[in-house]
């Protein structure tokens, strides 16, 4: 089989361009570009020329492998991301490229030599093999990019968008079909090698163009999905902000009425106590805050009062029982008002969160424990649907970027607990909100 030197070089350079375009495509789908586009272009162009000339002049396997490894290592510096993550990505990428080269080279040699007994020169086998290899590699790259972005999205600078399986399956099936067609073309045209070699290479080039069109449509679909996802998140954020604003208005109205009447309630209660009318005082308080079944649970009157009050409140508002795990606690020196407001605001926040959930998903659990250095640890957990807020000033120690509402009571807790008195911790995953506070040196 004879191929002119000029045609051989043209075909080889076309294949090399496609090869490095695929590498750049793979990196940009996972990592953000760090260098300017001109430096990225010049780097790829330099490796394209160096690798092509080394192949055309020497065509030694170990040289080709070495230059491929070096090029991927240097190229990884052109993009943002953790160095270890980028090198791992480049290593697996090289492995995929090597698989494509091996499969196509074995396929070409099997068809030409084993079936038809035709010996191909290394240059021609490498050129046709590279064309076939590029087609084999593309579907593997698509699958690899999707998997890598899902597993390493936090380290690559990209936010992972869930891709419908139908999109990926369709793209992979189309690319697989192109591979089959390409293989059949080689097989059918192999009978008359001299007369159809140009047609065969042209058809392979057309298939590469079709393949890239498939990838382009796939990327357009992903972009559309990303736009839809951003719109959905934006609407969710707005809905959360509307809910937060309404809750704030309701809270402000309630507090205004409460503050207006509180002074007169204190005067009335003080008068009843002054006259030793304890039963009337209890009835007056019951009328204001509701009947409370004072079950002793901790030994501390403030904790008992708050827990028993919220047991009833949660039962009435959420139609569920408050889960309690509190040991015997005695001798606290924490200010009663501070302890009560902390427990109350945290439980109110949990109640607000559970109101947005279906009844069967609601759950609030409070636990307390005494630390080895005489601290009081309070923990409250609840599920939620509306994602928490990241407030300016670092009040909320969160890792998420979505800003919505999770109640306003937490702000009051932050403002009421000085740094030398206690420490607040807030953690949450996709389902559970976890509030904790540690009061230092809490016992007498």
> Mind checking whether some residue in the stretch 62-73 is in contact with a strand residue (DSSP E or B) (Cβ under 7 Å, 6 or more places away or on another chain), in contact (Cβ under 8 Å) with a residue 40 or more places away in the chain, surrounded by 15 or more Cβ atoms within 10 Å (Cβ to Cβ) and in a helix (DSSP H, G or I)?
Replying inline: no
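One line per residue, one yes/no per condition, for (1) in contact (Cβ under 8 Å) with a residue 24 or more places away in the chain; (2) closer than 22 Å to residue 427 by Cβ:
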{"position": "300", "(1), (2)": "yes, no"}
{"position": "326", "(1), (2)": "yes, yes"}
{"position": "349", "(1), (2)": "yes, yes"}
{"position": "355", "(1), (2)": "yes, yes"}
{"position": "361", "(1), (2)": "no, yes"}
{"position": "379", "(1), (2)": "yes, yes"}
>> Being within 21 Å of residue 141 (Cα to Cα), in a helix (DSSP H, G or I) and without any contact (Cβ under 8 Å) to a residue 40 or more places away in the chain: is that true of residue 106 here?
In response: yes
> For residues in the stretch 390-400 being more than 13 Å from residue 429 (Cβ to Cβ) and surrounded by fewer than 15 Cβ atoms within 10 Å (Cβ to Cβ), which is modelled with the highest pLDDT?
Replying inline: 391
> In the stretch 133-150, how many residues are under 18 Å from the mean Cα position of the chain (by Cα) and under 16 Å from residue 95 (Cβ atoms)?
Replying inline: 4
> residue 76: more than 30 Å from residue 223 (Cα to Cα) and assigned to a helix (DSSP H, G or I), yes or no?
Replying inline: no
>> Anything in the stretch 29-41 that is surrounded by 12 or more Cβ atoms within 10 Å (Cβ to Cβ) and either under 22 Å from residue 13 (Cβ atoms) or outside the structural domain of residue 215 (by TED's automatic domain parsing) (or both)? List them, or say none.
In response: 39, 40, 41
> Of the residues that sit in the stretch 376-389 and are buried (at least 17 other Cβ atoms within 10 Å of the Cβ) and assigned to a loop (DSSP other than H, G, I, E, B), which one is modelled with the highest pLDDT?
Replying inline: 384
>> Going residue by residue through the stretch 302-319, is there one that turns out to be touching a helix residue (DSSP H, G or I) at 6+ places or on another chain (Cβ under 8 Å), under 19 Å from residue 440 (Cα atoms) and either without any contact (Cβ under 8 Å) to a residue 60 or more places away in the chain or not assigned by TED's automatic domain parsing to the domain that holds residue 414 (or both)?
In response: yes
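The values are calculated or read from the model by the stated rules, or taken from the named source; none is laboratory data. Please read these numbers as outputs of a predicted model, since none were measured by experiment. Every residue, glycine as well, gets a Cβ built from its backbone with ideal geometry; the counts of neighbours run over all protein chains shown.
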